[in-house]
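Notes follow the structure.
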Amino acid sequence: MVDLSLRNIRKAYADFEILHGIDLDIKSGEFIVFVGPSGCGKSTLLRSIAGLESITSGDLVIDGERMNAVAPSKRGISMVFQSYALYPHMTVYENMAFGLRIAGTPKHEIDARVRKAAAILQLDKYLERLPKALSGGQRQRVAIGRAIVRNPRVFLFDEPLSNLDAALRVATRIEIAKLKQSMPDVTMIYVTHDQVEAMTLADRIVVFKDGYIEQVGTPTELYRKPANLFVAQFIGSPAMNILKSEVVDLQGASMRCRLDCGVSLDIEATQSGLSRGEAISIGIRPENTRIGEGNGTSPVFTGVIDLVEHLGEVQILYVDLPGCSEKFLVKADGESTFARMQDITFTVHHRDIHAFDANGSAVTIR
Ligand SMILES: Nc1ncnc2c1ncn2[C@@H]1O[C@H](COP(=O)(O)OP(=O)(O)OP(=O)(O)O)[C@@H](O)[C@H]1O
Ligand SMILES: [Mg+2]
(Lines give C-alpha, C1' and ligand atoms only; values in the text may rest on other atoms or scores of the structure.)
(Ligands and ions follow the chains in the order given, each with its own letter.)
Protein backbone atom coordinates (compact mmCIF):
# COMPACT_ATOMS: atom_id res chain seq x y z
CA MET A 1 0.00 0.00 0.00
CA VAL A 2 1.46 3.31 -0.96
CA ASP A 3 0.43 6.93 -1.23
CA LEU A 4 2.14 8.88 -3.95
CA SER A 5 2.47 12.64 -3.84
CA LEU A 6 3.71 14.95 -6.54
CA ARG A 7 4.53 18.35 -5.06
CA ASN A 8 5.19 21.23 -7.39
CA ILE A 9 7.05 19.01 -9.85
CA ARG A 10 8.87 20.90 -12.59
CA LYS A 11 10.81 19.35 -15.41
CA ALA A 12 12.93 21.24 -17.90
CA TYR A 13 15.11 20.06 -20.76
CA ALA A 14 17.91 22.63 -20.92
CA ASP A 15 16.08 25.98 -20.65
CA PHE A 16 12.80 24.62 -21.87
CA GLU A 17 10.29 23.81 -19.14
CA ILE A 18 7.91 20.95 -19.97
CA LEU A 19 6.11 20.46 -16.62
CA HIS A 20 5.20 23.64 -14.78
CA GLY A 21 4.61 22.67 -11.17
CA ILE A 22 2.48 19.54 -10.97
CA ASP A 23 0.63 18.89 -7.70
CA LEU A 24 -1.18 15.61 -7.32
CA ASP A 25 -1.97 13.23 -4.47
CA ILE A 26 -2.68 9.62 -5.35
CA LYS A 27 -4.08 7.21 -2.79
CA SER A 28 -2.97 3.61 -2.31
CA GLY A 29 -4.58 1.28 -4.80
CA GLU A 30 -5.99 4.06 -6.94
CA PHE A 31 -6.14 3.67 -10.71
CA ILE A 32 -5.21 7.06 -12.15
CA VAL A 33 -5.39 7.80 -15.88
CA PHE A 34 -3.41 10.63 -17.49
CA VAL A 35 -4.90 12.12 -20.65
CA GLY A 36 -4.03 15.18 -22.71
CA PRO A 37 -2.93 16.21 -26.20
CA SER A 38 0.28 14.91 -27.70
CA GLY A 39 3.33 16.67 -26.26
CA CYS A 40 1.64 17.93 -23.06
CA GLY A 41 4.11 16.04 -20.84
CA LYS A 42 2.34 12.81 -19.80
CA SER A 43 5.26 10.50 -20.61
CA THR A 44 7.74 12.96 -19.16
CA LEU A 45 5.85 12.93 -15.85
CA LEU A 46 5.56 9.14 -15.86
CA ARG A 47 9.27 8.74 -16.59
CA SER A 48 10.07 11.25 -13.84
CA ILE A 49 8.03 9.21 -11.35
CA ALA A 50 9.83 6.03 -12.46
CA GLY A 51 13.20 7.74 -12.10
CA LEU A 52 14.09 7.43 -15.79
CA GLU A 53 14.22 11.26 -15.90
CA SER A 54 15.49 13.53 -13.16
CA ILE A 55 13.06 16.04 -11.67
CA THR A 56 14.20 19.65 -12.08
CA SER A 57 12.46 20.84 -8.90
CA GLY A 58 9.69 19.77 -6.55
CA ASP A 59 9.22 16.58 -4.57
CA LEU A 60 8.18 13.06 -5.44
CA VAL A 61 7.04 11.40 -2.22
CA ILE A 62 6.13 7.73 -2.03
CA ASP A 63 4.81 6.38 1.26
CA GLY A 64 6.15 9.43 3.09
CA GLU A 65 9.64 9.04 1.65
CA ARG A 66 11.17 11.60 -0.72
CA MET A 67 12.19 9.67 -3.83
CA ASN A 68 13.77 12.30 -6.10
CA ALA A 69 17.29 10.89 -5.78
CA VAL A 70 16.41 7.20 -5.26
CA ALA A 71 17.56 4.87 -8.06
CA PRO A 72 14.76 3.65 -10.37
CA SER A 73 15.24 0.04 -9.29
CA LYS A 74 14.80 0.98 -5.61
CA ARG A 75 11.51 2.86 -6.01
CA GLY A 76 9.22 -0.17 -6.08
CA ILE A 77 7.89 0.97 -9.43
CA SER A 78 7.34 -1.08 -12.59
CA MET A 79 6.68 0.52 -15.95
CA VAL A 80 5.12 -0.91 -19.11
CA PHE A 81 5.75 0.93 -22.36
CA GLN A 82 3.94 1.20 -25.67
CA SER A 83 6.62 -0.87 -27.41
CA TYR A 84 7.09 -4.02 -25.40
CA ALA A 85 10.63 -5.03 -26.54
CA LEU A 86 10.70 -8.66 -25.42
CA TYR A 87 13.93 -10.63 -25.79
CA PRO A 88 13.27 -12.57 -29.02
CA HIS A 89 15.54 -15.53 -28.16
CA MET A 90 13.99 -16.11 -24.73
CA THR A 91 10.77 -17.95 -23.97
CA VAL A 92 7.85 -16.22 -22.32
CA TYR A 93 8.95 -17.74 -19.00
CA GLU A 94 12.53 -16.53 -19.42
CA ASN A 95 11.38 -13.07 -20.49
CA MET A 96 9.36 -12.74 -17.31
CA ALA A 97 12.07 -14.26 -15.11
CA PHE A 98 15.00 -12.31 -16.53
CA GLY A 99 14.82 -9.19 -14.33
CA LEU A 100 14.47 -11.29 -11.18
CA ARG A 101 17.41 -13.52 -12.18
CA ILE A 102 19.60 -10.44 -12.66
CA ALA A 103 18.50 -9.20 -9.23
CA GLY A 104 19.61 -12.54 -7.70
CA THR A 105 16.16 -13.66 -6.61
CA PRO A 106 16.15 -17.36 -5.53
CA LYS A 107 15.01 -19.77 -8.22
CA HIS A 108 11.93 -21.12 -6.40
CA GLU A 109 10.79 -17.58 -5.69
CA ILE A 110 11.20 -16.62 -9.37
CA ASP A 111 9.23 -19.68 -10.39
CA ALA A 112 6.39 -18.88 -7.99
CA ARG A 113 6.15 -15.27 -9.13
CA VAL A 114 6.31 -16.06 -12.86
CA ARG A 115 3.61 -18.71 -12.54
CA LYS A 116 1.38 -16.42 -10.50
CA ALA A 117 1.73 -13.59 -13.03
CA ALA A 118 1.14 -16.02 -15.90
CA ALA A 119 -2.05 -17.20 -14.22
CA ILE A 120 -3.32 -13.64 -13.72
CA LEU A 121 -2.62 -12.82 -17.37
CA GLN A 122 -3.75 -16.20 -18.75
CA LEU A 123 -0.34 -16.89 -20.19
CA ASP A 124 0.11 -20.29 -18.52
CA LYS A 125 -0.19 -22.14 -21.82
CA TYR A 126 2.45 -20.03 -23.53
CA LEU A 127 5.30 -20.10 -21.03
CA GLU A 128 7.59 -22.18 -23.25
CA ARG A 129 6.90 -20.22 -26.44
CA LEU A 130 9.13 -17.65 -28.06
CA PRO A 131 7.68 -14.13 -28.54
CA LYS A 132 7.53 -14.56 -32.32
CA ALA A 133 4.92 -17.31 -31.82
CA LEU A 134 2.58 -14.96 -29.91
CA SER A 135 -0.03 -12.45 -31.03
CA GLY A 136 0.50 -8.74 -30.35
CA GLY A 137 -1.90 -8.84 -27.42
CA GLN A 138 -0.16 -11.87 -25.89
CA ARG A 139 3.22 -10.17 -26.25
CA GLN A 140 1.92 -7.09 -24.51
CA ARG A 141 0.63 -9.33 -21.72
CA VAL A 142 4.12 -10.81 -21.35
CA ALA A 143 5.47 -7.26 -21.03
CA ILE A 144 2.89 -6.63 -18.30
CA GLY A 145 3.84 -9.96 -16.68
CA ARG A 146 7.48 -8.92 -16.63
CA ALA A 147 6.41 -5.84 -14.66
CA ILE A 148 4.09 -7.77 -12.30
CA VAL A 149 6.74 -10.30 -11.18
CA ARG A 150 8.70 -7.48 -9.60
CA ASN A 151 5.85 -7.04 -7.09
CA PRO A 152 5.71 -3.30 -7.66
CA ARG A 153 4.07 -0.91 -5.24
CA VAL A 154 3.33 1.40 -8.14
CA PHE A 155 2.57 0.32 -11.69
CA LEU A 156 3.06 2.77 -14.55
CA PHE A 157 1.62 2.16 -18.02
CA ASP A 158 2.50 4.40 -20.97
CA GLU A 159 -0.05 3.75 -23.72
CA PRO A 160 0.39 -0.01 -23.41
CA LEU A 161 -2.36 -0.89 -25.87
CA SER A 162 -1.84 1.65 -28.62
CA ASN A 163 0.00 -0.78 -30.91
CA LEU A 164 -2.82 -3.31 -30.82
CA ASP A 165 -5.71 -3.56 -33.25
CA ALA A 166 -9.21 -2.58 -32.12
CA ALA A 167 -10.39 -6.04 -31.03
CA LEU A 168 -7.17 -6.84 -29.15
CA ARG A 169 -7.29 -3.47 -27.46
CA VAL A 170 -10.70 -4.24 -26.03
CA ALA A 171 -9.64 -7.74 -24.92
CA THR A 172 -6.42 -6.47 -23.32
CA ARG A 173 -8.24 -3.55 -21.70
CA ILE A 174 -10.48 -6.07 -19.98
CA GLU A 175 -7.35 -7.97 -18.85
CA ILE A 176 -6.04 -4.76 -17.32
CA ALA A 177 -9.33 -4.14 -15.54
CA LYS A 178 -9.06 -7.67 -14.09
CA LEU A 179 -5.42 -7.09 -13.22
CA LYS A 180 -6.47 -4.06 -11.21
CA GLN A 181 -8.99 -6.20 -9.31
CA SER A 182 -6.41 -8.89 -8.61
CA MET A 183 -3.88 -6.36 -7.30
CA PRO A 184 -6.12 -4.00 -5.27
CA ASP A 185 -3.25 -2.57 -3.21
CA VAL A 186 -1.09 -1.61 -6.16
CA THR A 187 -1.31 2.01 -7.27
CA MET A 188 -1.60 2.33 -11.03
CA ILE A 189 -0.98 5.27 -13.33
CA TYR A 190 -2.02 4.74 -16.91
CA VAL A 191 -1.47 7.03 -19.90
CA THR A 192 -3.83 6.73 -22.84
CA HIS A 193 -5.29 8.63 -25.78
CA ASP A 194 -8.29 6.32 -25.77
CA GLN A 195 -11.44 7.81 -24.23
CA VAL A 196 -13.01 4.44 -23.53
CA GLU A 197 -9.90 3.17 -21.73
CA ALA A 198 -9.79 6.36 -19.67
CA MET A 199 -13.48 6.32 -18.76
CA THR A 200 -13.69 2.59 -17.98
CA LEU A 201 -10.40 1.98 -16.16
CA ALA A 202 -9.93 5.15 -14.12
CA ASP A 203 -10.88 5.80 -10.53
CA ARG A 204 -9.78 9.34 -11.34
CA ILE A 205 -8.65 10.99 -14.58
CA VAL A 206 -6.03 13.75 -14.72
CA VAL A 207 -6.37 16.03 -17.76
CA PHE A 208 -3.13 17.71 -18.84
CA LYS A 209 -2.51 20.57 -21.25
CA ASP A 210 0.84 22.19 -22.03
CA GLY A 211 2.52 20.88 -18.87
CA TYR A 212 -0.28 21.95 -16.50
CA ILE A 213 -3.10 19.97 -14.89
CA GLU A 214 -6.46 21.26 -16.14
CA GLN A 215 -8.70 19.11 -13.94
CA VAL A 216 -8.63 15.99 -11.76
CA GLY A 217 -11.78 14.02 -11.09
CA THR A 218 -13.74 10.81 -11.50
CA PRO A 219 -14.75 10.03 -15.09
CA THR A 220 -18.32 11.07 -14.28
CA GLU A 221 -17.25 14.36 -12.70
CA LEU A 222 -15.17 15.30 -15.72
CA TYR A 223 -17.97 14.35 -18.09
CA ARG A 224 -20.77 16.05 -16.18
CA LYS A 225 -18.92 18.99 -14.64
CA PRO A 226 -15.93 19.96 -16.75
CA ALA A 227 -14.11 22.82 -15.02
CA ASN A 228 -13.32 24.63 -18.24
CA LEU A 229 -13.78 24.67 -21.99
CA PHE A 230 -10.67 22.60 -22.63
CA VAL A 231 -11.79 19.67 -20.46
CA ALA A 232 -15.34 20.02 -21.79
CA GLN A 233 -14.13 19.49 -25.33
CA PHE A 234 -11.43 16.95 -24.47
CA ILE A 235 -13.62 14.49 -22.54
CA GLY A 236 -16.44 12.96 -24.59
CA SER A 237 -16.56 11.85 -28.19
CA PRO A 238 -17.54 13.44 -30.50
CA ALA A 239 -16.51 16.59 -28.65
CA MET A 240 -18.97 18.96 -26.98
CA ASN A 241 -20.41 21.62 -29.31
CA ILE A 242 -19.58 25.18 -28.30
CA LEU A 243 -21.91 28.01 -29.26
CA LYS A 244 -21.14 31.69 -28.93
CA SER A 245 -23.55 33.61 -26.81
CA GLU A 246 -24.12 36.85 -24.93
CA VAL A 247 -25.61 37.56 -21.52
CA VAL A 248 -28.69 39.69 -22.14
CA ASP A 249 -30.24 39.73 -18.69
CA LEU A 250 -29.31 38.83 -15.14
CA GLN A 251 -31.77 38.48 -12.27
CA GLY A 252 -30.53 36.94 -9.06
CA ALA A 253 -29.30 33.48 -9.89
CA SER A 254 -31.04 33.48 -13.24
CA MET A 255 -29.31 34.48 -16.43
CA ARG A 256 -30.76 34.90 -19.87
CA CYS A 257 -28.42 34.56 -22.79
CA ARG A 258 -28.90 34.87 -26.50
CA LEU A 259 -26.99 32.51 -28.75
CA ASP A 260 -25.58 33.63 -32.09
CA CYS A 261 -27.92 31.11 -33.71
CA GLY A 262 -30.88 33.11 -32.40
CA VAL A 263 -31.98 30.80 -29.57
CA SER A 264 -32.51 32.32 -26.12
CA LEU A 265 -31.68 30.33 -22.99
CA ASP A 266 -32.51 30.88 -19.35
CA ILE A 267 -29.76 29.48 -17.16
CA GLU A 268 -29.67 29.16 -13.40
CA ALA A 269 -26.11 30.09 -12.56
CA THR A 270 -24.57 30.20 -9.11
CA GLN A 271 -21.53 32.15 -10.19
CA SER A 272 -21.92 35.89 -9.94
CA GLY A 273 -19.50 38.31 -11.55
CA LEU A 274 -21.00 38.02 -14.99
CA SER A 275 -22.52 41.16 -16.41
CA ARG A 276 -24.98 42.11 -19.09
CA GLY A 277 -23.46 42.15 -22.57
CA GLU A 278 -20.68 39.72 -21.60
CA ALA A 279 -19.69 37.02 -24.05
CA ILE A 280 -20.16 33.46 -22.80
CA SER A 281 -19.87 30.07 -24.46
CA ILE A 282 -22.64 27.53 -24.29
CA GLY A 283 -21.65 23.86 -24.44
CA ILE A 284 -23.95 21.06 -25.61
CA ARG A 285 -22.87 17.44 -26.08
CA PRO A 286 -23.94 15.77 -29.36
CA GLU A 287 -25.55 12.96 -27.34
CA ASN A 288 -27.65 15.36 -25.27
CA THR A 289 -29.80 16.50 -28.20
CA ARG A 290 -33.34 15.19 -28.78
CA ILE A 291 -34.70 15.38 -32.30
CA GLY A 292 -38.13 17.00 -32.58
CA GLU A 293 -39.93 20.03 -31.14
CA GLY A 294 -40.05 18.71 -27.58
CA ASN A 295 -42.87 19.60 -25.18
CA GLY A 296 -42.21 23.33 -24.96
CA THR A 297 -40.10 23.30 -21.78
CA SER A 298 -36.68 22.95 -23.48
CA PRO A 299 -35.00 25.36 -25.92
CA VAL A 300 -35.59 24.46 -29.55
CA PHE A 301 -32.83 24.62 -32.18
CA THR A 302 -33.39 24.57 -35.94
CA GLY A 303 -30.79 24.02 -38.65
CA VAL A 304 -29.96 22.27 -41.88
CA ILE A 305 -28.12 18.93 -42.13
CA ASP A 306 -24.86 19.24 -44.08
CA LEU A 307 -23.53 15.72 -43.62
CA VAL A 308 -24.70 12.38 -42.23
CA GLU A 309 -22.14 9.96 -40.80
CA HIS A 310 -23.45 6.43 -40.25
CA LEU A 311 -21.74 4.52 -37.46
CA GLY A 312 -24.14 1.58 -37.36
CA GLU A 313 -25.74 1.91 -33.94
CA VAL A 314 -25.81 5.73 -34.17
CA GLN A 315 -25.51 8.50 -36.74
CA ILE A 316 -23.69 11.77 -36.38
CA LEU A 317 -25.44 14.67 -38.09
CA TYR A 318 -23.35 17.73 -38.96
CA VAL A 319 -25.81 20.60 -38.76
CA ASP A 320 -25.52 24.21 -39.94
CA LEU A 321 -27.20 26.48 -37.40
CA PRO A 322 -27.99 30.03 -38.56
CA GLY A 323 -25.23 32.50 -37.68
CA CYS A 324 -22.72 29.75 -36.73
CA SER A 325 -19.62 29.05 -38.80
CA GLU A 326 -18.89 25.70 -37.12
CA LYS A 327 -20.99 22.60 -37.63
CA PHE A 328 -23.13 21.54 -34.70
CA LEU A 329 -22.98 17.78 -34.16
CA VAL A 330 -26.12 15.86 -33.24
CA LYS A 331 -25.99 12.21 -32.24
CA ALA A 332 -29.07 10.41 -33.51
CA ASP A 333 -30.18 6.77 -33.36
CA GLY A 334 -29.10 4.51 -36.21
CA GLU A 335 -32.63 3.75 -37.41
CA SER A 336 -34.07 7.08 -38.56
CA THR A 337 -33.41 8.35 -42.07
CA PHE A 338 -31.71 11.70 -42.52
CA ALA A 339 -30.54 13.40 -45.67
CA ARG A 340 -28.21 16.21 -46.58
CA MET A 341 -29.96 19.61 -46.89
CA GLN A 342 -32.85 18.39 -44.75
CA ASP A 343 -34.17 20.80 -42.10
CA ILE A 344 -33.79 19.52 -38.57
CA THR A 345 -35.24 20.61 -35.24
CA PHE A 346 -33.96 19.40 -31.88
CA THR A 347 -34.15 20.28 -28.21
CA VAL A 348 -31.70 20.14 -25.32
CA HIS A 349 -32.72 19.62 -21.72
CA HIS A 350 -31.72 22.50 -19.44
CA ARG A 351 -29.69 20.22 -17.19
CA ASP A 352 -27.49 19.27 -20.18
CA ILE A 353 -26.45 22.84 -20.98
CA HIS A 354 -22.94 23.92 -19.95
CA ALA A 355 -21.80 27.54 -19.81
CA PHE A 356 -18.29 29.01 -19.76
CA ASP A 357 -17.18 32.59 -19.17
CA ALA A 358 -14.84 34.58 -21.41
CA ASN A 359 -11.81 32.93 -19.74
CA GLY A 360 -13.17 29.48 -20.48
CA SER A 361 -13.99 28.69 -16.82
CA ALA A 362 -17.22 26.86 -16.17
CA VAL A 363 -20.09 28.98 -14.90
CA THR A 364 -21.57 26.72 -12.28
CA ILE A 365 -25.12 25.88 -13.18
CA ARG A 366 -27.50 24.64 -10.51
N1 LIG B 1 14.68 14.16 -23.94
C2 LIG B 1 14.02 15.26 -24.32
N3 LIG B 1 14.66 16.40 -24.64
C4 LIG B 1 13.99 17.52 -24.98
N5 LIG B 1 12.65 17.59 -25.06
C6 LIG B 1 11.94 16.49 -24.76
C7 LIG B 1 12.58 15.27 -24.38
N8 LIG B 1 11.61 14.36 -24.15
C9 LIG B 1 10.44 14.97 -24.39
N10 LIG B 1 10.63 16.26 -24.75
C11 LIG B 1 9.57 17.25 -25.05
O12 LIG B 1 8.72 17.34 -23.95
C13 LIG B 1 7.37 17.55 -24.35
C14 LIG B 1 6.49 16.54 -23.68
O15 LIG B 1 6.79 15.26 -24.21
P16 LIG B 1 6.06 13.95 -23.69
O17 LIG B 1 6.68 12.79 -24.37
O18 LIG B 1 6.05 13.95 -22.20
O19 LIG B 1 4.58 14.19 -24.23
P20 LIG B 1 3.31 13.24 -24.13
O21 LIG B 1 2.24 14.00 -23.41
O22 LIG B 1 3.69 11.92 -23.58
O23 LIG B 1 2.89 13.11 -25.66
P24 LIG B 1 2.32 11.84 -26.47
O25 LIG B 1 0.86 11.81 -26.16
O26 LIG B 1 2.58 12.22 -27.90
O27 LIG B 1 3.05 10.63 -26.04
C28 LIG B 1 7.37 17.49 -25.87
O29 LIG B 1 7.35 18.81 -26.36
C30 LIG B 1 8.69 16.80 -26.20
O31 LIG B 1 9.17 17.23 -27.43
MG1 LIG C 1 3.80 10.00 -24.36
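Of the residues making up region 30-47, those that are in a loop (DSSP other than H, G, I, E, B) and in contact with a helix residue (DSSP H, G or I) (Cβ under 9 Å, 6 or more places away or on another chain) are G36, P37. Listed residues Y93, Y84; which is among the hydroxyl-bearing types (S, T, Y), in a helix (DSSP H, G or I), in the same structural domain as V191 (by TED's automatic domain parsing) and over 27 Å from D3 (Cα atoms)? Only one candidate qualifies: Y93. The residues of region 322-346 include none that are surrounded by 20 or more Cβ atoms within 10 Å (Cβ to Cβ) and hydroxyl-bearing (S, T, Y). G137 falls short on exactly one of the conditions (1) open to solvent by 40 Å² or more (accessible area, probe 1.4 Å); (2) at pLDDT below 90, and that condition is (1).
Conditions (1) within 16 Å of ligand 1 (Cβ to nearest atom); (2) basic (K, R); (3) open to solvent by less than 50 Å² (accessible area, probe 1.4 Å), marked per residue:
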site: P131; (1), (2), (3): no, no, yes
site: N151; (1), (2), (3): no, no, no
site: D165; (1), (2), (3): no, no, no
site: V170; (1), (2), (3): no, no, no
site: T200; (1), (2), (3): no, no, no
site: K209; (1), (2), (3): yes, yes, no
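In region 32-55, the qualifying residues are those that are near ligand 2 (Cβ under 9 Å from one of its atoms) and of a type in the set (G, A, S), and the one that is farthest from L19 (Cα to Cα) is S38.
All conditions in (1) under 20 Å from the mean Cα position of the chain (by Cα); (2) within 16 Å of ligand 1 (Cβ to nearest atom); (3) open to solvent by 80 Å² or more (accessible area, probe 1.4 Å) hold for D15, with the sole exception of (1). Report whether or not V196 is open to solvent by less than 20 Å² (accessible area, probe 1.4 Å) and either over 11 Å from the mean Cα position of the chain (by Cα) or farther than 21 Å from A362 by Cα (or both). No.
Contact annotation: residue pairs with Cβ atoms under 9 Å, 6 or more positions apart or on different chains, pairing a residue in region 282-305 that is in contact (Cβ under 8 Å) with a residue 24 or more places away in the chain and open to solvent by less than 20 Å² (accessible area, probe 1.4 Å) with a partner that is among the acidic types (D, E) and in a strand (DSSP E or B), are P299/D266; G303/D320; G303/D343; I305/D320; I305/D343.
Among the residues of region 249-295, what is the count of those that are in a loop (DSSP other than H, G, I, E, B) and either within 23 Å of T345 (Cα to Cα) or hydrophobic (A, V, I, L, M, F, W, C) (or both)? Adding up the residues that qualify gives 11. Among (1) within 16 Å of ligand 1 (Cβ to nearest atom); (2) of a type outside the set (F, W, Y); (3) free of Cβ contacts under 8 Å to residues at least 24 places away in the same chain, there is one condition A69 misses while meeting the rest; what is its number? Answer for A69: the failing condition is (1).
The values are calculated or read from the model by the stated rules, or taken from the named source; none is laboratory data. These numbers were taken from a predicted model, which means no experiment stands behind them. With ideal geometry, Cβ positions are generated from the backbone for all residues, glycine too; neighbour counts draw on all protein chains shown. Note: accessible area is taken over every heavy atom of the protein model, side chains too, but ligands, DNA and RNA are not part of it. Shrake-Rupley method; radii C 1.70, N 1.55, O 1.52, S 1.80 Å.
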